[in-house]
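What follows draws every value from the coordinates through simple rules; no lab data is involved. Since we're looking at a predicted model, the values are computed, not measured. Virtual Cβ from ideal backbone geometry, glycine too; neighbours counted across all protein chains shown.
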């Protein structure tokens with residue numbers, strides 16, 4: 001802990017590719033659907049969210065979650081990439097003591113390179129010992145337990161997010177995408 | 001005795017445009033969200049969902065210049081902005097206040113307000129913002 005005026009100097013990330021302009025990318029659309037979803041026990045959190053959105057014809061949404069229990073749960077954290085191909089990579093999966101209680105999470109649902117819905121979700125949760133932990137939840141590996149879990153979603157209409165390869169970071173990453181074409185770079 | 005309410009402000013309004021955005025690496029996330037709002041000519045907005053990563057995090061705990069700051073070393077911190085609001089300042093410029101969660105490589109978690117100018121995006125920040133129009 002330190003006081004506001006005595007920072008360590010800021011470090012910048014070094015990525016394998018050159019910096020690409022513009023540094024912020026946006027797509028705008030009129031207000032779209034607002035949804036409350038309830039995911040039952042036994043449902044995989046992220047696969048369930050993505051499959052239901054696909055069924056509803058929603059191509060991108062921001063999702064807010066809090067509370068709920070899990071009887072299976074795995075997550076990644078960010079670690080340096082020993083290969084040097086990227087500035088960082090995902091850790092091996094962490095398997096916390098069960099049951100896990102979700103404290104709070106955000107998820108982004110968008111399109112992958114084949115126009116299938118995929119999710120990106122970061123959360124803080126309590127493991128079975130009551131210890132607070134956090135990271136990147138793994139789709140297909142976080143199964144809802146207890147009595148289920150509510151999620152609130154904001155769909156974005158034509159202002160979509162779609163994965164494409166980012167030469168700067170060498171990651172596949174969500175980019176804004178309007179009306180079937182990229183706003184691109 | 002009744003609770004004093006005369007200083008509690010209420011603003012009625014409605015949500016309008018939705019913005020999907022990506023912030024590339026090495027951008028301060030508070031300033032980047034303000035830039036997005038300027039580009040889209042949005043005065044007031046809320047963060048509807050946001051995930052990404054930071055090089056390092058500096059989280060303000062309390063208010064004012066002397067507030068304690070929690071420094072969380074990265075790189076590759078996983079973050080979510082769980083409460084974020086943009087309001088126009090007295091000059092009509094959008095100003096963001098962002099609160100959220102941070103997780104390091106060991107899966108340890110932290111939380112607080114992202115301090116302006118002190119939280120650089122690492123790989124990406126993915127963001128759904130929504131405009132708020134006061135009536």
Q) Rg and Dmax of the protein assembly as shown, Cα atoms, in Å? A) 19.0, 67
(Q) Considering only C-alpha atoms, what is the centroid distance from region B:76-104 to region A:108-142, in Å? (A) 21 Å
Q) What whole number of Å gives the distance from the Cα centroid of region B:22-44 to the Cα centroid of region A:22-36? A) 13 Å
Q) How far apart, in nm, are the 7 Å Cα→Cβ label points at residue A:51 and residue A:112? A) 1.4 nm
Q) Based on DSSP H runs of at least 4 residues, each adding -39500 (n - 2.57), what is the mean residue ellipticity at 222 nm of chain B after dividing by all its residues, to the nearest 500 deg cm²/dmol? A) -2500 deg cm²/dmol
Q. In a GNM of chain A with a 10 Å cut-off on Cα contacts, which of A:135, A:148, A:57 has the highest mean-square fluctuation?
A. A:57
Q) Quick one, what does Rg over Rh come out to for chain A if you take C-alpha atoms and the Kirkwood Rh? A) 1.00
Q: Mind checking A:166-173 for the average number of partner chain beta-carbons within 10 Å of each residue's beta-carbon?
A: 3
Q. What angle, in degrees between 0 and 90 and rounded to the nearest 10, separates the Cα long axis of helix B:29-39 from the longest principal axis of the Cα atoms of chain B?
A. 50 degrees
Q: Using Cα pairs closer than 8 Å and at least 6 residues apart in sequence, work out the relative contact order for chain A, in percent.
A: 33 percent
Q) Could you work out the helix-only [θ] at 222 nm for chain A, with each DSSP H run of four or more residues adding -39,500 (n - 2.57) and the total divided by the number of residues, to the nearest 500 deg cm²/dmol? A) -2000 deg cm²/dmol
Q. Just A:18, A:172, A:99 to compare: in a GNM of chain A, with alpha carbon springs under 10 Å, which one fluctuates most?
A. A:18
Q.
Please compute the Kirkwood hydrodynamic radius of chain B from all pairs of different C-alpha atoms, in Å with one decimal.
A. 15.6 Å
Q) How crowded by other chains is B:68-77, given as the mean number of beta carbons from other chains within 10 Å of each beta carbon? A) 5
Q) Can you sort A:34, B:131 by how many other beta carbons sit within 10 Å, fewest first? A) A:34, B:131
Q | Average beta-carbon neighbours from other chains, 10 Å sphere, peptide B:45-56 | A | 6
